[in-house]
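Data first, discussion second: the structure below is written as structure tokens.
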Protein chains: 2
Amino acid sequence: MNSAAPVREFEIIERVFRRVSGRADVVLGIGDDAAVTRLSAGRELVTATDTLVCGTHFAADAPPHSVGYRSLAVNLSDLAAMGADPAWASLAISLPAVDDDWLESFALGFFELADKYDVELIGGDTVRGPLAATVTLQGSVPDGAAVTRGGAQEGDMIYLTGNPGDAVAGRLLLTGELTGKKSPDADTLLTRRFMYPEPRITEGLALRTIATAMIDISDGLHADLTHLLTASGAGAELDVSQLPLSVELLELVGESRASKFALCGGDDYELCFTAPAERAKDIAAMAESRGCPCSQIGTVSAGGKIEWHLHGRHYDVPVDGFRHFE
Amino acid sequence: MNSAAPVREFEIIERVFRRVSGRADVVLGIGDDAAVTRLSAGRELVTATDTLVCGTHFAADAPPHSVGYRSLAVNLSDLAAMGADPAWASLAISLPAVDDDWLESFALGFFELADKYDVELIGGDTVRGPLAATVTLQGSVPDGAAVTRGGAQEGDMIYLTGNPGDAVAGRLLLTGELTGKKSPDADTLLTRRFMYPEPRITEGLALRTIATAMIDISDGLHADLTHLLTASGAGAELDVSQLPLSVELLELVGESRASKFALCGGDDYELCFTAPAERAKDIAAMAESRGCPCSQIGTVSAGGKIEWHLHGRHYDVPVDGFRHFE
């Protein structure tokens, strides 16, 4: 073990990741022992951390551009689920050897998304080790306005953005565990949904005053909805036939497997949220104005039971998650 | 690759890392998509991120208690170098398999230091992958009060806390690259300095109104002092014979190698700072009251040249850092 960073690594970080400061609230960005930032009065800080590891979250031959993009996207999705405005990111990269091309492509993917949401990279660490990237993302909400997992009320409607199940299909197409059938365009769409998930930042912000509880479904819809309902001390009645499955997913694997993908697949950076029935119009307007599908999939019930139905009958969600039902 | 976290991992994180909230400024801690915290009015946020990777920063057989402790210590040291009060930590752990004993021991080490400095763990991520831990630490300073690397002025004195070089000696004793000689107690002290560095939080806070520039010397005194002077657009005249070498280090490797360890070894989480000559009494008082050695090792000069002397003659610092002079 040897802790001291070689000089060259320091230089590449400076060259690849240090940029002219973009945000007025960054007092001191990359290049000191720590970053200094300013939070506006009347706002609370929101912080999320997520790691992507080679071999677990992306393949060794994954395009570094996609890895850089996703390393930020998964954190943006966490902030979206709180209804937070993203602001500042810290990036810790571990890599076996300095690889200029890999790092530059990673940075391009990272900054593509950072620029889109006005996120500034304020610091980080680069170390020698197995390939992995950890991003810590900070943002803010008005005081007391964060949407937690704990606010769902009996009678609330349960909604979902986007098309769940696409991402896991894309992942399995990439690994060859699924084989594309007829449409190369559909395969491209599905793999893109895995490699370049669109975090629901603007939807999260719009839902901040609408949703009673919210979560992103990165671990799979059923598992994450269970977390939300547990935190809310509630249960739910849900309808599998209401799952907004994409045409591409249905064509690829059929309705039965598509439903399982949607319920347990994971890697869908969509928002699952609850809201009172009287907000249905606001939700429809939000979905319409943003071109974001927003589907009602069930209703919050009293007690802790989560009941999925299909064609009027009980539906068994594979309890052990995705790996155990393929 | 498979992104969905297995259920058991989720449970162990809950059990090992989730604790009763201790700080009043934590609105929402572990257990939601992101944490929510409150920054006091009149304060700026200070953020640092550091990664420890198995094989690079600690050995595979390192006590997990020490790894947990160091994962926070290295970040506390970064905040100390800004003169910041630490507050909230996020922890991303990658591990090859769930290992209850390892994680529990890691958590004990982490919380030992967290409790000492009133740091609350507010969130994180646990993923399957090669053993590594990334901590992001947030803290604060009064508006505009952060001590950067860029404020050193010609004529300022250059100071150093603690005994540089001890940590690298400890590391080499642990790997067997150095062999202890006479005193098991001395060996224990040196290895402890590597495994359990004491971050200079209280010293950093006391120096906030004294130091003109400050940095921690985790990459080695010479390299980090160079960063400070470059950021300040200044040079320095320094005296190798003023380096505060510990008796234990001197006994182990002799004065010549001890100086090299001190200059280029790294892993010393000490503070190097500059201050006007008229603050010498304040610095002595600070050192005295805290029992922290604080040694003057040189003077800031105009221009960019960093000149080390020994016995009145030029002294060549091994330019490529530690690995290249052993």
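Since every read-out is calculated from the coordinates, none of them should be taken as a lab result. Not measured: the values here are computed from a predicted model. Don't worry about glycine lacking a Cβ; one is built from the backbone with ideal geometry, like all the others, and counts go over all protein chains shown.
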Report the residue, chosen from A:Gln153, A:Gln138, A:Gln242, that carries the largest GNM mean-square fluctuation when chain A is represented by alpha-carbon nodes joined by springs under 10 Å. A:Gln242
Mean ellipticity per residue at 222 nm, deg cm²/dmol - from DSSP H runs of n ≥ 4 across chain A, formula -39500 (n - 2.57): -11000 deg cm²/dmol
Taking amide hydrogens as modeled 1.01 Å from N in the peptide plane, which residues meet the under 5 Å criterion relative to B:Thr212, leaving out close sequence neighbours? B:Thr274, B:Ala275
To the nearest 10 degrees, the tilt of helix B:64-80 (Cα long axis) against the first principal axis of the alpha carbons of chain B is 60
Among A:Ser232, A:Tyr315, A:Ala277, the residue whose Cα sits farthest towards the positive end of the charge dipole of the protein assembly as shown (+1 at Cβ of Lys and Arg, -1 at Cβ of Asp and Glu, taken about the Cα centre) is A:Ala277
Lys and Arg at +1, Asp and Glu at -1: add these up for the other residues within a Cβ distance under 12 Å of B:Tyr159 and post the number. -2
To the nearest 20 debye, chain A has a Cα-centred charge dipole, built from +1 on Lys and Arg Cβ and -1 on Asp and Glu Cβ, of 180
Taking amide H atoms as placed 1.01 Å from N in the peptide plane, list the residues 5 or more away in sequence, or in a different chain, whose amide H sits under 5 Å from that of A:Glu307. A:Ala236, A:Glu237, A:Leu238
With the dipole of the protein assembly as shown defined by +1 on each Lys or Arg Cβ and -1 on each Asp or Glu Cβ, the option from A:Leu103, A:Ser256, B:Gln153 whose Cα lies farthest towards the positive pole is B:Gln153
Cross-link reach from A:Lys305 to aspartates and glutamates, straight Cα distance under 16 Å and at least 8 residues apart if same chain, gives A:Glu154, A:Asp156, A:Asp224, A:Glu237, A:Asp239, A:Asp316
For the range B:173-326, calculate the relative contact order in percent as a whole number, restricting contacts to Cα pairs under 8 Å that are 6 or more residues apart. 33
Can you list the equivalent-ellipsoid semi-axes of the range B:52-206, largest first and in whole Å, using the square root of 5 times each Cα gyration tensor eigenvalue? 27, 24, 13
Kirkwood-based Rg/Rh on the Cα set of the range B:7-142 evaluates to 0.96
Loop only per DSSP, at most 12 neighbouring Cβ atoms within 10 Å: give me the GluC sites (Glu not before Pro) in the range B:162-250, ordered by residue number. B:Glu177
Can you pull a Stokes-Einstein diffusion coefficient for chain A at 37 °C (0.692 mPa s), Rh from Kirkwood over Cα pairs, as a whole number of µm²/s? 159
Rounded tilt (10° steps) of A:184-195 against the dominant C-alpha axis of chain A: 70
How charged is the neighbourhood of B:Pro276? Take every other residue with its Cβ under 13 Å from the Cβ of B:Pro276, and add Lys/Arg as +1 and Asp/Glu as -1. -2
Please turn the phi angles of the range B:139-148 into ³J(HN,Hα) values with the Karplus equation 6.51 cos²θ - 1.76 cosθ + 1.60 (θ = phi - 60°), one per residue in order, whole Hz, x for glycine and proline. x, 8, 9, x, 3, x, 9, 4, 8, 8
Quick one: putting +1 on the C-beta of Lys and Arg, -1 on the C-beta of Asp and Glu, what dipole do you get for the range A:157-324 around its Cα centre, in Debye to the nearest 20? 20
DSSP-defined beta bridges in the protein assembly as shown - what % are antiparallel, rounded to 5: 75
Translational diffusion of the range A:239-326, µm² s⁻¹ [Kirkwood Rh, Cα pairs; Stokes-Einstein; 20 °C; 1.002 mPa s]: 145
Dipole magnitude of the range B:134-192, debye to nearest 20 (Cβ charges: Lys/Arg +1, Asp/Glu -1, about Cα centre): 280
Contact order normalised by length for chain B, with contacts defined as Cα pairs under 8 Å and 6 or more residues apart; what percent is it? 21
Which ordering of A:Lys281, A:Lys116 is given by a fewest-first count of other beta-carbon atoms within 10 Å? A:Lys281, A:Lys116
Over the Cα atoms of the range A:33-78, Rg to Rh with Kirkwood Rh, two decimal places? 1.13
Summed side-chain charge close to B:Val53 - residues other than B:Val53 whose Cβ falls under 11 Å, Lys, Arg +1, Asp, Glu -1: -1
Residue by residue through the range B:87-98, the couplings from Karplus 6.51 cos²θ - 1.76 cosθ + 1.60 with θ = phi - 60°, in Hz, x for Gly and Pro, are 9, 10, 10, 10, 10, 10, 10, 10, 8, x, 7, 5
Please report, largest first and rounded to whole Å, the three semi-axes of the ellipsoid equivalent to the protein assembly as shown, where each semi-axis is the square root of five times an eigenvalue of the C-alpha gyration tensor. 48, 25, 22
List the residues whose amide H sits under 5 Å from the amide H of A:Gly55, counting only those 5 or more places along or on another chain, with H placed 1.01 Å from N in the peptide plane. A:Ala60
Relative to 2.2 N^0.38 Å, what does the C-alpha radius of gyration of the range A:157-324 come to as a ratio? Two decimals please. 1.00
What is the angle, in °, between the Cα long axis of helix A:221-232 and the longest principal axis of the Cα atoms in chain A? Nearest 10 is fine, range 0 to 90. 80
At R0 = 25 Å, how high is the FRET efficiency between A:Glu14 and A:Asp118 if r is their beta carbon distance? Nearest 0.05 is fine. 0.65
